[in-house]
Amino acid sequence: MSNNPGRTNPLLQAERADRNRKILIQVGVAAVLIGLVAAIGIGIAIKKAEKDDPGPSPTIAAAQAPGAVTGSITDNGSIRIGKPEAKVTVRVVADLQCPACKAFEATYGKVLEDAVNSGTAAVEYNIISFLDKASTTQYSTRAANASYCVAEQDPTKYQAWLSTMFAQQPPEGGNGLPDEKLVEIAKSVGYTDAVASCITDHTYEKFVASTTNKAFDSGIKSTPTVFVNGQQVNPSTLEQAIAAAAAGQ
């Protein structure tokens, strides 16, 4: 064996090269793992942000004529229809796929319309979407979205639109009305073509989901649920409750 110190030991050199390769592989694997963890973390953060994002919020322009019926969006997402001087507030929590809500509208829709036009009461329509499972196309959400679309364009036609929507309510368990039919219904009560894109794009879909969650978080358990000046009432006593509230009783 040579003891020449200037000669490179091939075995030692091979061991060093092998060790360096292992170190490089370990560094590479660690870098890939760090990248994957970062990517997963970013993906989770993005999905959470998308889930938490309430999306665009509807707005309703105030009426220009003093004393005219106008609309607004309340803090809980209700569509408020009425005159500024109304002393009574009726809140109706409803789902447009709900058969009991259809029956309520058939019985009391005109009562509420007259109360709004006379200035006796303002009505807050809290349209939610808990019955998406009752159709194959998330009809409750799409109909609630359309509710905001039409109210935003012209709140004075909203109650006529609502009545027409309930009159054409699709049966539970089916496909629900297609977006094109929702546009047709809106136009049938006087809304313009400009409302179509809001309906077909599902502009307020996330807002509907947020509003629905707020309703359930507040204790709503079924629809229709009706309040007069903040007090829950039996729908069958609605007229009496409005009259009593208007009289200050």
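Summed over the range 115-156, the residues that are in contact (Cβ under 8 Å) with a residue 60 or more places away in the chain and part of a helix (DSSP H, G or I) give a count of 12. Looking at (1) in a helix (DSSP H, G or I); (2) open to solvent by 30 Å² or more (accessible area, probe 1.4 Å); (3) within 23 Å of T70 (Cα to Cα); (4) touching a Pro at 6+ places or on another chain (Cβ under 9 Å), find the lone condition where T203 falls short. T203 satisfies all of (1) in a helix (DSSP H, G or I); (2) open to solvent by 30 Å² or more (accessible area, probe 1.4 Å); (3) within 23 Å of T70 (Cα to Cα); (4) touching a Pro at 6+ places or on another chain (Cβ under 9 Å) except (1).
Counting only residues that are farther than 21 Å from N126 by Cα and small (G, A, S), the range 140-195 holds 5 of them. If the condition is being assigned to a loop (DSSP other than H, G, I, E, B) and buried (at least 18 other Cβ atoms within 10 Å of the Cβ), then the range 157-174 contributes Q169, P170. The set of residues from the range 188-199 being open to solvent by 60 Å² or more (accessible area, probe 1.4 Å) and either farther than 20 Å from A167 by Cα or assigned to a loop (DSSP other than H, G, I, E, B) (or both) comprises T192, D193, A194, S197. Taken as a whole, the structure places I127 among residues that are within 14 Å of the chain's Cα centre (by Cα) and closer than 27 Å to A243 by Cα. When the range 139-153 is limited to residues that are within 12 Å of the chain's Cα centre (by Cα) and of a type in the set (G, A, S), the one that is nearest to C198 (Cα to Cα) turns out to be A146.
The set of residues from the range 207-246 being open to solvent by 40 Å² or more (accessible area, probe 1.4 Å) and more than 23 Å from the chain's Cα centre (by Cα) comprises N229, Q231, Q232, N234, S236, T237, E239, Q240, A243, A246. The number of residues in the range 48-100 that are at pLDDT below 95, at positive phi and touching a helix residue (DSSP H, G or I) at 6+ places or on another chain (Cβ under 9 Å) comes to 1.
The set of residues from the range 126-141 being out of contact with any Leu (no Cβ under 7 Å at 6 or more places or on another chain) and either of a type in the set (A, V, I, L, M, F, W, C) or open to solvent by less than 30 Å² (accessible area, probe 1.4 Å) (or both) comprises N126, I128, S129, F130, L131, A134, S135, T141.
The values are calculated or read from the model by the stated rules, or taken from the named source; none is laboratory data. As the structure is a prediction and not an experimental result, all values here were calculated from the model. In this analysis, Cβ positions are derived from the backbone assuming ideal geometry, glycine residues included, and neighbour counts consider all displayed protein chains. These area figures cover heavy atoms from the full protein model, side chains too; ligands, DNA and RNA do not enter into them. Shrake-Rupley method; radii C 1.70, N 1.55, O 1.52, S 1.80 Å.
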